[in-house]
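The values are calculated or read from the model by the stated rules, or taken from the named source; none is laboratory data. What you see is a predicted model, and the numbers here were worked out from it, not measured in a lab. For neighbour counting, all protein chains shown are included, and Cβ atoms are generated from backbone atoms with ideal geometry for every residue, glycine included.
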Amino acid sequence: MSAELKKALYNISALADLGQAITSESVFHEKIQSVFYVITGTFLANRGAILSYDKSADRLITVTQKGFPPADLDRVDPEKLMSLGKNEPFLIGDSPVLAIAGVKILAPLWVRDEFIGVLLLSGKLTGSPYTQEDLELLNVIAHQIAIALNNHSLFMDLSDKLEENRRLYEEMRHIYHGTLQAFAAAIDAKDAYTQNHSYRVAKYSTAIARELGWNEHDIEGMYVAGYLHDVGKLAISNDLLNKVTPFTPEERAEIRKHSTTSHNITSKIKFPWQNVQDMVWHHHERLDGCGYPEALAQESLSDGVRILSLADSFDAMTSQRPYRKKMDVQTAITELKKCLESQFDNKIMLVFCKVLEKEIKGELPEPDILPYLDRDSDLSVISSMLEAIIQELSAP
Amino acid sequence: MKTVQFSVTSRLVGDAAVIYPKGYLNNLSGESLVKECGIYIGKGITKIVVNFSETDLINSIGISLLLQIIEDLKNIKGTICCTNMSKFLQDTFEMLGLIQYMVVFPVESDALQYLKVGKV
Ligand SMILES: [Fe+2]
Ligand SMILES: [Fe+2]
């Protein structure tokens, strides 16, 4: 085999090496390092660099290099390189295009009309000059690196934008939650007896929604609705809210306005979650149509409304009120069960019992209901009660 | 492509380091060869024998890595001996003109002998 043929074969296999390096599944810096080795190995250049063009800063950034003073590379002027042929190897000679000692040849990297960067190489270790074949090979290689670098920067731009969006979204969520807490605190401040009611209802509701298999976004909407369902109570006078004696019919009507007021308040807010307003508005509706404010029944009540209604009632029953003592957990569950089909939904009740049962058994790492129940509750009694209800409601 | 994971072992014989690359010198894992030689050079060793009995093939990445070792040794006026080379390796080094920067021996013992007394 002649020396020329051997060299040609070596060059061809170098191109194959390049292709493999570029398409490998390695992370970008490993990929580009492999590409760099392929190039320096192909041309026997003991020094070299790949610089990428940062458009916004109008400067070249060193992606990888060997043997050049970093400060020299920082000083490379992109303008001068842009006037040279696209991906065309350029022998420096005495040309003033670059002021870096030791750079013998360069190739400005372009993809279509986009300047991507530059490849710099020293002379060969052997001292022999770059041949015409070398220049042709370098031209092909320059095209390939330009595309690889460009793809990477496109990808980085995209991930930057994604990251920015994610950050904005997180910020927005943060603001939402802060606002919600402020609202809930305002409700609590008005009514000493309902302290943390909104928070617990939010917790119980999301626990049920999660067990029902809702996605994270919808669960968050459920949480928000739980937090805000009684926000309309802000419009009710403190005296009425904290009244110890039974309500008059007028007073009852006044109290009942709160779910519509909650709806009116939340309707002013553009939530990223659907149905928050609906859930808040209808949390006192009943399946038999005897609830308020719209006396909706059956199909008109969404799962979210049904969840909120049950969670709200359960917490109301298990908390102290001005006009009555709190119920123990067993009594409250019995009460819920009594009202199945007329007021509460069988499926939601079943799921609620399942979550609570799992929490009691320690099957959920972060229980949402159990921590807020009466500390004196007999969990084994509750558990066997839940098991019986689960069995009954699961039966076809 | 099926490749054997590249690895390097070494030992010190007198004032010479013998390096044993194992596997195909074709990717970043070959950097360990440069590192291994660098460790000896850092300790003041100027004579390195690379025994290629377990490395039959090399590509442009491997050549680049070898270039670094040659350069590092050149800077300290050291010597690199290559032994037990496959025909492919020897042909490649010759074709690229790298052979002038190394002393080639058929077997490791010849290289060690040469480094000890200056001749085989
Ligand atoms: Fe309410
Ligand atoms: Fe409520």
- Query: Is there a residue in region A:54-61 that is surrounded by 16 or more Cβ atoms within 10 Å (Cβ to Cβ) and at pLDDT below 95?
  - Reply: yes
- If we take region A:170-253, then helices (runs of 4 or more DSSP H) inside it with 3 or more residues that are within 15 Å of ligand 1 (Cβ to nearest atom) are A:197-211, A:216-228
- Message: Regarding region A:234-241, can at least one residue be identified that is assigned by TED's automatic domain parsing to the domain that holds A:Gln274, in contact (Cβ under 8 Å) with a residue 60 or more places away in the chain and surrounded by 15 or more Cβ atoms within 10 Å (Cβ to Cβ)?
- Response: no
- Task: Give region A:272-285 a look and list any residue that's within 20 Å of A:Lys233 (Cβ to Cβ) and not polar (S, T, N, Q), or say none.
- Result: A:Val276, A:Asp278, A:Met279, A:Val280, A:Trp281, A:His282, A:His283, A:His284, A:Glu285
- Under the condition of being in contact with a Lys or Arg (Cβ under 6 Å, 6 or more places away or on another chain) and of a type in the set (Gly, Ala, Ser), which residue from region B:1-46 is surrounded by the fewest Cβ atoms within 10 Å (Cβ to Cβ)? B:Ser7
- Query: Looking only at region A:1-57, which residues are assigned to a helix (DSSP H, G or I), facing another protein chain (nearest Cβ under 7 Å) and hydrophobic (A, V, I, L, M, F, W, C)?
  - Reply: A:Ala3, A:Ala14, A:Val38
- Checked pairs for region A:6-27, first within 19 Å of A:Ile147 (Cβ to Cβ), second among the polar types (S, T, N, Q) and assigned to a loop (DSSP other than H, G, I, E, B), C-beta under 7 Å and 6 or more apart or across chains, list as A:Asp17/B:Asn59
- Enumeration of residues in region B:18-64 that are of a type in the set (A, V, I, L, M) and more than 10 Å from the chain's Cα centre (by Cα): B:Leu25, B:Leu28, B:Ile39, B:Ile41, B:Ile45, B:Leu57, B:Ile58, B:Ile61, B:Ile63
- Message: Anything in region A:312-346 that is more than 16 Å from ligand 2 (Cβ to nearest atom) and farther than 21 Å from A:Ile390 by Cα? List them, or say none.
- Response: A:Lys325
- Note on the structure: Considering residues that are surrounded by 14 or more Cβ atoms within 10 Å (Cβ to Cβ), more than 41 Å from the chain's Cα centre (by Cα) and either on the phi > 0 side of the Ramachandran plot or not in a loop (DSSP other than H, G, I, E, B) (or both), the number found within region A:85-119 is 7
- Task: Answer yes if at least one residue in region A:207-224 is of a type in the set (Gly, Ala, Ser), in contact (Cβ under 8 Å) with a residue 24 or more places away in the chain, within 16 Å of ligand 2 (Cβ to nearest atom) and surrounded by 15 or more Cβ atoms within 10 Å (Cβ to Cβ), and no otherwise.
- Result: no
- Task: Enumerate the pairs (first residue in region A:288-315 and within 14 Å of chain B (Cβ to nearest Cβ); second residue anywhere and assigned to a helix (DSSP H, G or I) and within 15 Å of ligand 1 (Cβ to nearest atom)) with beta-carbon separation below 9 Å, excluding pairs fewer than 6 apart on the same chain, so at least 6 apart or on different chains.
- Result: none
- Query: In this structure, is A:Lys80 under 16 Å from A:Leu138 (Cα atoms) and either part of a loop (DSSP other than H, G, I, E, B) or more than 10 Å from chain B (Cβ to nearest Cβ) (or both)?
  - Reply: no
